[in-house]
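Peer 1: The following block contains the structure, expressed as structure tokens.
The values are calculated or read from the model by the stated rules, or taken from the named source; none is laboratory data. Quantities reported herein were computed from a predicted structural model and do not represent experimental measurements. Here the Cβ positions follow ideal geometry from the backbone for every residue, glycine too, while neighbour counts run over all protein chains shown. Surface accessibility is based on the protein's heavy atoms, side chains included, excluding ligands, DNA and RNA. Shrake-Rupley method; radii C 1.70, N 1.55, O 1.52, S 1.80 Å.
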Amino acid sequence: MTTAPAFRPTHVVPADGMAAWEAPDPGRPTVPLDPLLPVRLVERRGDWARISCANGWAAWVDGRYLVAVPQDPPLPGGPPDAAADPRPLLDRAARALADYRAAVEALADGLDGESFRSRTQGVRIGVVVDGESMWLYDPGEGRWLYGDGRRLATYVTDRSVPGEAAPGRDATRVVSRDGDR
């Protein structure tokens, strides 16, 4: 008996989510992808990228906006900074998760939807643990950090860089395999 290999993302969806299509054809839209969703790049056709998700769902997206996940995230060099110790951020994530779980319990016990939205508004939690590797989201700084259990380093930020214009979102175009447009 063979088992399927574990899902290993190669990219994540940008922080504001992204449109998706059934085929590399702008006339065939499908459900948009959630922000920061881990995906695996399967195929490229010009700017189009076919991705798969952990649940097996696949779609075509504008590959220019996928955020690459490095195979070996860098660890910080030099002296530790305020983000070097993962424990304070893990504590904040645990408290936020406990608060969210309490809101979910209250919702299950009859809390109305508007009160639930009010209790959970602004809550952002991100924790991925894969063996000794860990990615933590720091909502106060708007960034993901990578760590090995001992130290953290900024991995990617979801905030724009001051003075840098946001990239334009031109329409995705189909190109032939040899690159002719």
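Peer 1: In terms of modelled amide H atoms, which long-range or inter-chain residues lie less than 5 Å from the amide H of residue 18?
Peer 2: 33
Peer 1: Under 5 Å between amide H atoms, partner at least 5 residues away or on a different chain: which partners does residue 44 have, H built in plane at 1.01 Å?
Peer 2: 50
Peer 1: Further question: If you count, for each residue, the other Cβ atoms within 10 Å and average over each peptide, how do 133-139, 32-38 line up from highest to lowest?
Peer 2: In descending order of packing, they fall as 133-139, 32-38.
Peer 1: In whole percent, and with a 1.4 Å probe on the protein chains, what portion of the accessible area of region 1-68 is carbon and sulfur? Walk me through the numbers on the way to the answer.
Peer 2: Details: 2110 of 3780 Å².
The value for region 1-68 is 56 percent carbon and sulfur by accessible area.
Peer 1: Near the amide H of residue 155, under 5 Å away, which other amide H atoms are found, from residues 5 or more places off or on another chain, if H is placed in the peptide plane?
Peer 2: Distant-sequence amide H within range of residue 155: 144, 145, 146.
Peer 1: ³J(HN,Hα) across region 141-153 via Karplus (A = 6.51, B = -1.76, C = 1.60, θ = phi - 60°), whole Hz, x for Gly/Pro?
Peer 2: 9, x, 8, 9, 10, 9, x, 10, x, 9, 9, 10, 9
Peer 1: May I pose another question? Going by average Cβ neighbours within 10 Å, how do the peptides 39-50, 84-95 rank, with the highest at the top? Walk me through the numbers on the way to the answer.
Peer 2: Details: 39-50: 17.5, 84-95: 14.2.
Those peptides, ordered most packed to least, come out 39-50, 84-95.
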